[in-house]
Amino acid sequence: MIKSAANNTVDWTDNIQGVTLSNGSTITIQSVDIQDTAISMVFDPGDFSIPDGTNQDINLGIYLYGSNLTDNEVFAFRIDADDHGFINDISGSLLTQTFSGGDVVSNDITLAVTAT
C-alpha cells in the first residue's frame, strides 16, 4: 500500500487518475483503489514476483486528471515499515511484518501547472 507522506498536500482522489508500476518492464495491476491518503493495488498471482533472496527496484508512476489541479501542491508518498500492507500469495515466501530499513519515503514532488 502506498500512503501519503507528511509533506503531501494533494487530495489524491481529486487529482490522481491512475498508477503504473515498473521494474524495467510494466507490471500488470489487476485493480487499483485510490483514496485520499492511500493507494491499494491487487496483482494476479505471478504478475508481481520477486524471487527468494533477491530484491527489485520498483518505479511508481502516477497520472493525473486534466483539470482541478492546483499549482504548487506537493505529492509525497511512503510505504510504512510496520504497516506496509503487502499480502503474500500462498505459493510464495512470506514478507517480514516490519521492514528493517524503516519507512520508504519519496521526494516531495511539487506540481507546476502551466496555463494553455
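List the number of the failed condition for I62; all other conditions in (1) in a strand (DSSP E or B); (2) at pLDDT below 85 hold. Failing condition for I62: (2). Taking the range 45-81 as the search range and keeping residues that are open to solvent by 70 Å² or more (accessible area, probe 1.4 Å) and without any contact (Cβ under 8 Å) to a residue 40 or more places away in the chain, which one is farthest from D11 (Cα to Cα)? Ranking the qualifying residues of the range 45-81, first place goes to G53. Within the range 1-27, being more than 24 Å from G66 (Cα to Cα) and hydroxyl-bearing (S, T, Y) holds for one residue alone: S25.
Kindly evaluate G46 against the criterion of being at positive phi and modelled with pLDDT under 90. Spelling it out, G46 is indeed at positive phi and modelled with pLDDT under 90.
Taken together, the residues in the range 2-24 that are part of a loop (DSSP other than H, G, I, E, B) and open to solvent by less than 70 Å² (accessible area, probe 1.4 Å) amount to 5.
The values are calculated or read from the model by the stated rules, or taken from the named source; none is laboratory data. Worth saying up front: this structure is predicted, and the values here are computed from it rather than measured. Here the Cβ is made from the backbone with ideal geometry for all residues, glycine too, and neighbour counts use every protein chain on show. Quick note on the areas: whole protein, heavy atoms, side chains included, nothing else; ligands and nucleic acids left out. Shrake-Rupley method; radii C 1.70, N 1.55, O 1.52, S 1.80 Å.
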